1. Alpha carbon centre of region 88-125 versus region 169-238: separation in Å?
2. What ranking do 116-123, 152-159 get when scored by the average of other Cβ atoms within 10 Å per residue, highest first?
3. Got a number for carbon plus sulfur as a percent of the chain's accessible area, 1.4 Å probe?
4. Based on the Cβ-Cβ distance from Lys70 to Asn15, what FRET efficiency comes out when R0 is 30 Å, to the nearest 0.05?
5. Label region 2-246 by shape, choosing from rounded, prolate and oblate, from the square roots a ≥ b ≥ c of the eigenvalues of the Cα gyration tensor; if a/c is under 1.5 it is rounded, and otherwise prolate applies when a/b is larger than b/c, oblate when it is not.
6. Pairs of alpha-carbon atoms within less than 8 angstrom and 6+ residues apart define the contacts here; what relative contact order does the chain have, in percent?
7. Once Lys and Arg get +1 and Asp and Glu get -1 on their Cβ, which of Thr97, Pro203, Tyr218 lies farthest toward the positive end of the dipole of the chain?
8. So for each of 26-39, 89-102 I average, over its residues, the number of other beta carbons within 10 Å; can you give me the resulting order with the highest mean first?
Amino acid sequence: MIDTHCHVLKEEMDNYIDIIEECKNKDISMIINGYDNKSNKEIIDLANKYSNVYPAIGLNYDQIDSFNDKDLEELEELIKSNKITAIGEIGLDYYWTKENKDKQIYFFEKQLALAEKYNLPVIVHSRKASQDVFDIIKKYKVKGSMHCYAGSLEMAKEFIKLGFKIGVDGPITYSNNVKGVELIKELPIESILLETDSPYLSPEPNRGKQNSPLNLIYIAEKVADIKGISVDEVIEKTTENAKELFNI
Ligand SMILES: [Zn+2]
């Protein structure tokens, strides 16, 4: 299995090395996502050390106020001098704040341009910003994943047309997530990626605890249940999807 979006990092979890090693023993790979150049470098080091770690590096919305063009230059240097799997996590979040919207858009566009230039997929965060994210992505020749997607089915179909896949996380296992279940029912399995967003968003039965890629199986089981297919088939197909999109 491949967890296509997580933050198994020193700053996020004390036991991150144990988790990477346990995942390796259980044949679970992970795309670890950065959010600033400090975490980006840490992820590159982890990927050099562990064969089940794939690096996604990027400058994320939540620290956008502190970024400047130098951070973009440094990001490009990291892309040029290392084997990178994807640019992520990047995107727009109007839920937390809209005040720095212009700066969020500026950094999102710059990183989409880098993805296009270096022919890398992107891992996109979008919250209360679907239309802007869609209108901006459309301008670039990029493919990628819509991480932890919570938008409409119609919009999901539009993203898929652009070459994107839809990331499914722990909340799909929560009993009140009617909308999420409907979405998974309608989406072709070829467009679905499994991800945990660890250490956040733990699925049932571990909701509320620290999440890890070891919980990916619960998301696979829920998708299998919704689509009426076997867990093995979900794992096989979604792993294929991840390998194809991220060139793994
Ligand atoms: Zn994330």
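The values are calculated or read from the model by the stated rules, or taken from the named source; none is laboratory data. Just so you know, these numbers come straight off a predicted model, no measurement behind them. Ideal geometry is used to build each Cβ from the backbone, glycine not excepted, and the neighbour counts take in all protein chains shown. Keep in mind that these areas ignore ligands, DNA and RNA; they rest on the heavy atoms of the full protein, side chains included. Shrake-Rupley method; radii C 1.70, N 1.55, O 1.52, S 1.80 Å.
1. Spelled out, the Cα-based centre of one part sits 25 Å from the other.
2. 116-123, 152-159
3. So the carbon and sulfur contribution to the accessible surface is 46 percent.
4. For Lys70 and Asn15, the calculated efficiency is 0.35.
5. Here region 2-246 falls in the oblate category.
6. 19
7. With unit charges placed on the Cβ atoms, the residue in question is Thr97.
8. Sorting 26-39, 89-102 by mean packing, highest first, produces 26-39, 89-102.
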